[in-house]
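These notes concern the structure reproduced below.
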Amino acid sequence: MFADFDLVMEKLATKNLWDFPGGVHPHGYKTLSNTSPIANVSLPEKLYIPVKQHIGVDSELIVNVGDYVKAGQALTQSHSPFAVPIHASSSGKVVDISNHVAAHASGLSEKTVVIELDGLDAQYELHPLLDYTKYEKTDIVEAICQAGISGMGGAGFPTHLKSNSNKPVEFLIINGVECEPYISADDRLMREHAWQIRQGIDVLVHLLAPKQVIIAVEDNKPDALETMSIACQQQENYQVVSIPTKYPAGGEKQLIQVLTSREVPSNGLPIDVGCLMYNVGTCFAIADAIIEGKPLTKRVVTLTGKALNKPQNVWALIGTPVSHLLKHAEYSPTEQTYPRIIMGGPMMGFTLSSVQVPVVKTTNCLLSPSEGELPNIEDERACIRCSACADACPVSLLPQQMFWYSKAKEYETAEEYNLFDCIECGACAYVCPSEIPLVHYYRIAKSEISQQKIEKEKAEKAKIRFETRNDRLLKEKKAREEKHRLAAEARQQAMKSDTNAKDKIAAALARAKAKKAAQHADADTSVVPADTKVDDKKAKIAAAIARASAKKAAAAKKTTQNTSENAPTSTNVNAETPEVKAKNNESESAEDKKKAKIAAAIARAKAKKAKAKETKNNDE
Amino acid sequence: MTFTLLAILAFAILALCFGALLGYAAIKFKVQSDPLVDQIDQILPQTQCGQCGYPGCRPYAEAIANGDEINKCPPGGDATIKELADLMGVDAKPLDAAHGIEDVKKVAYIREDECIGCTKCIQACPVDAILGAAKHMHTVIIDECTGCDLCVDPCPVDCIDMVPLASSSQTWQWNFENMTVGDIPVKQV
Amino acid sequence: MSKLSVASSPHHHNGRDTGAVMRIVMLACIPGMLAQVWFFGYGVLIQALICISAAVLAEIAIVELRKKNTERIIKDYSAALAGLLLAISIPPLAPWWIAVIGSVFAIVIVKQLYGGLGYNMFNPAMAAYVMLLISFPVQMTSWLPPTTLTEQSFSLWDAIHTIFTGYTSNGYSVEQLRAGVDGITMATPLDHMKTELLQGFTVQEAITADIFNGSNGIGWTQVAIAYLIGGVVLIKAKVINWHIPISMIIGALITASILYMIDSSLFGSPWLHLINGSLIMGAFFIATDPVSAATTNKGRIIFGALIGIWIILIRAWGNYPDAVAFAVILMNMAVPLIDYYTKPRTYGHKVKK
Ligand code: SF4
Ligand code: SF4
Ligand code: SF4
Ligand code: SF4
């Protein structure tokens, strides 16, 4: 079904590639930002570094508020292979560890380390593995993990996990496609740091031993194509390939299809078809980590859109708040009637609900379009079933059907139309003449389906627990009955068979009484000090109960102010007395404690009665 | 005139054929299913709260199978009613308010320093979601708690609260409406 | 300072909304309409005016009744397009009330009663056409011969007069207008052929009539070619896909060829079927109506091909000489079925058996 290695190589040699279905050609607007070199930004006052920036498991904080940290110092650690650490991007004092608005469409908060920078940018010690070929592969993978590298193109999948594959890799694909309009971060990176990217690729090649390395760049970036070709020219099995400009050619699955005609199975991974893909930014970060020992603390971010006076690419520290970058690029509020900042590109990025959102490892672009630059999508109209969406879909879905069923909340049918294969590229909504926010509907449907699945699982678990509990209770009851029955039988047996039984019982009873009396005496006289603690506790409990009862009564009273006044008043009095007593308890004798207990019990009972009465009144 | 009739007849027959084909497809791809009670039980949220008036979800499922109303389950809410209606082939109706109203998902939380360790809540919890031994503080296993509310009343010191489950960015439902949104405090340059 | 605006991605749109799509289709009708004016007089322009106004007014009335956003709905141009398509399908000199009844029926019954644009099962213009044809067969088949063959010269004023009063300004009726130089009532080429065949003549004899030039109906050929040009523009502008028109034409051609090979004296040649009547106009402008056509590309091929086959079959054995409207309406009914069975294979999924 799929093209084998030789055929792919042949096609690559003749530059005659495959294609993926659908796709759209939005205007690129790349020249807004890609004409000047990547600039440096002044240090912000504070950095906000979210604790979790990758897909996978949380890791554990190893710094506390008040600690001084240096640039590159790890802030978290974890023993789980699914976690990557985060690092301080510059030196300063940890002033807070709390919830801060996250780089996510929801605008919800996530645990974030806030560092007040001292402006010195003091560096933490570095551990380069300069001669990396001499090290064990596992050491290199570990170093990549410790440098905090997770995929920088999209979802943020931990890079070291991908690099630890046991399956044979035919094609190592380096993704420099950058198909989203406006974004030019990878473009500039390739133009200015092709050599370092190449070093990163070398590290990966050493780890993975692929048969062939393909560096794919869209043909609207001729300069990047050239620099990458020059950087890779000595390497025999590296090939820089120019691919036709079409959105979303940079999608992992689409790029694999264009280069090899292979399709990653639904629910599968690229490695299942012999491919592995890394973003050029990730390669750059790997070179940084291995050759210089620097963890991932900064990345290229495109600041663009016509509401910025100085659109450009910058090196932004991870954790820099967006507001700082907007100031740097001279955001001009007059350009926007409705302010709008998009993190990511116009097709797949998300709007920010606050400019305090920090730059994270996956942030490649901040887009601030002027009025009329990107259309303010109007209200949707009815779908006219024109199928423009289906023609644009790179995954060959039927967006209009998925939309229909998602909107009607017929999620099962939506799933039958392979809703979960949708890559949310937005091509369908981009062409829809009825301006239906199709992807939004898919997202709602997907999250609701996932939620329902979780709930179903939970319900299933609850059902099982409920049933086992019922079984247990039943068994216990049966066991108890059985025991009673046996005991009764035994007694009868004994009575029948043994005439002495009565005497014996009488004797046993007497013995028991005597013992009890002795114990009582003991307790009353000698053991008092030892018992105080217990009694203290009991008193406390009594007090707590009394408190609670009072509260309950008060609450009940609140709800039923128009009912009889007597009951609540009396409860209040009764409930307060024991409390006072309980407070004075410490100095009083055990006798008093007992009294308090009784009082509390009375109070409790009364309160309950009052409450019951009032609810009854209430009901009437 | 006869032609018109013929035309109408032809159309009718064609429409019937297409309809029959679609219907056939629907039947052909239908999956064999469990007994009715199991199916109903599958749909119910398994909160085991008893708000429906039955001691747990399964008894209510049995009751529905025997003809009880389908709108008595507040935790399941409209979604559950809709599914039940589909399954039973009856019209969905609004939730019967006599049994309670649909609420946000909550879980029980025990204020541990106030707990006196009386084990009353353990006895009340239908899914054994509370851990603790006599005279020791108790705690709720959040993942197991169904939010049924049954442990709140028995507690003599009133230290159990029902708290709404916090929403995280993972469980966010793409609801832009009630989001807190800021502005851009940029000075004019 | 206003709040940041938040929305789901994509934040970009290609700027072509429903109104733009419909406008392009209307513009693409222009070459065909010009050809119609040239060969059959100004009638079609007046019909277009009547139909579009009636359709839009009906739409406004209904939308107001349903309390929707009127301006927004009118701006999608779908009512106007439905009116225009009806106008170019009915005889140019049909009385005004035919046009009005048809347009109102198309909008009120076929479109809005089903829930408005996007929910209608049938193509509004064609459903209205079929209704008119069944209810008013005389008016709906009174086509004028090409102006080059008529006796009377025929001005714009005459056209208006005829449409509204039934007579030209100097008192000729439509029937008289239809008379050729020899005084015999002329019909459309397909009509003529049908009548001749029913009377026992062969196709070859039928096409010796004045309205034919070889197999090509005079005027009709040129109109068909003009619509073809408009259709190609639509495909180039990516408003429609090639699948429906091409498969429809091929389906018709193949069926006609088979019949022609069976008996060339009873059945017209494929070319004759292609170039006379509204096959081409229907293929590009009628069958491609997004709402009521199949939605997958595979499905569209099946949908188109079956329409083509139906057209020829109805022309051969049915009572009506031209059959585009019937065929389209027939296949509209099959669309859910076609869509169901032609789901494309999704990326990363195995082909289903
Ligand atoms: S592009 Fe929009 S209007 Fe057209 S079929 Fe898709 S969802 Fe419907
Ligand atoms: S967002 Fe989903 S449905 Fe729409 S074009 Fe992309 S993959 Fe297809
Ligand atoms: S802990 Fe409380 S609320 Fe949770 S399931 Fe048990 S009884 Fe219900
Ligand atoms: S009922 Fe209340 S006091 Fe008793 S164990 Fe449970 S939480 Fe603690």
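A short reminder: the numbers here are calculations on the coordinates, not readings from a lab. Fair warning: this is a prediction, and the values are worked out from it, not measured in the lab. We place every Cβ from the backbone using ideal geometry, glycine too, and count neighbours over all the protein chains shown.
Some observations on this one:
- Unsatisfied cross-links (Cα-Cα over 31 Å) in the set A:Lys70/A:Lys327; A:Lys253/C:Lys238; A:Lys11/A:Lys361; A:Lys111/A:Lys221: A:Lys11/A:Lys361; A:Lys111/A:Lys221
- The Cα trace of the stretch C:187-341 gives Rg and Dmax of 15.4, 48 Å, the first to one decimal, the second as a whole number.
- Principal-axis tilt of helix B:77-88 within chain B, Cα atoms, nearest 10 degrees: 40 degrees
- Average silhouette area of chain C, convex hull of alpha-carbon atoms, in square nanometres: 22.1 nm²
- GNM remark for chain B: springs join alpha carbons under 10 Å apart, and the peak mean-square fluctuation among B:Cys17, B:Cys57, B:Cys155 falls on B:Cys17.
- By the Cβ rule of 4.7 Å, chain B holds the following cysteines without a possible disulfide partner: B:Cys17, B:Cys52, B:Cys57, B:Cys73, B:Cys115, B:Cys118, B:Cys125, B:Cys145, B:Cys155, B:Cys159.
- Bridging of C:Lys3 to aspartates and glutamates at a Cα separation below 20 Å is possible for A:Glu330, A:Glu335, A:Glu371, A:Glu373, A:Glu378, A:Asp379, B:Glu177, B:Asp183, once same-chain residues fewer than 8 apart are set aside.
- Whole-Hz ³J(HN,Hα) from phi, Karplus 6.51 cos²θ - 1.76 cosθ + 1.60, for the stretch C:164-173, glycine and proline x: 8, 10, x, 10, 6, 4, 9, x, 7, 8
- Highest average first, the peptides A:191-198, A:285-292 ordered by how many other beta carbon atoms sit within 10 Å of their residues are A:285-292, A:191-198.
- Here the Karplus relation 6.51 cos²θ - 1.76 cosθ + 1.60, evaluated at θ = phi - 60°, turns the backbone of the stretch C:118-131 into coupling constants of x, 10, 6, 8, 10, 5, x, 4, 6, 4, 5, 4, 5, 4 Hz, with x for every Gly and Pro.
- Ordering of A:398-408, C:287-297, B:120-130 by burial proxy (mean other Cβ atoms within 10 Å per residue, highest first): C:287-297, A:398-408, B:120-130
- Sequence-distant residues sharing a close amide H with B:Val107 (under 5 Å, placed H): B:Val163, B:Leu165
- For residues of A:346-354, the mean tally of beta carbons on other chains within 10 Å: 6
- Over the C-alpha atoms of the stretch B:36-99, the Rg to Rh ratio, Rh being the Kirkwood estimate, stands at 0.90.
- In this Cβ point-charge picture (+1 for Lys and Arg, -1 for Asp and Glu), chain C has a dipole of about 2120 debye about its Cα centre.
- Per-residue mean of C-beta atoms belonging to partner chains within 10 Å, peptide C:237-243: 2
- Look at the stretch C:333-346: the mean tally of other chain Cβ atoms within 10 Å of its residues' Cβ atoms is 5.
- Cβ-based exposure ranking for C:Phe136, A:Phe82, A:Phe466, in which fewest neighbours within 10 Å come first: A:Phe82, C:Phe136, A:Phe466
- Across all directions, the shadow cast by the convex hull of the stretch A:13-72 built on its C-alpha atoms averages 10.4 square nanometres.
- Going from the residue with the fewest nearby Cβ atoms within 10 Å to the one with the most, B:Ile160, A:Ile49 rank B:Ile160, A:Ile49.
- Peptides A:62-69, C:80-87, A:9-16 ranked from most to least packed by the mean count of surrounding Cβ atoms within 10 Å: C:80-87, A:62-69, A:9-16.
- Acute angle (nearest 10 degrees) that the helix C:220-236 long axis makes with the longest principal axis of chain C, alpha-carbon atoms: 10 degrees
- The order of C:Trp38, C:Trp96, C:Trp310, going from fewest to most other C-beta atoms within 10 Å of their C-beta, is C:Trp38, C:Trp96, C:Trp310.
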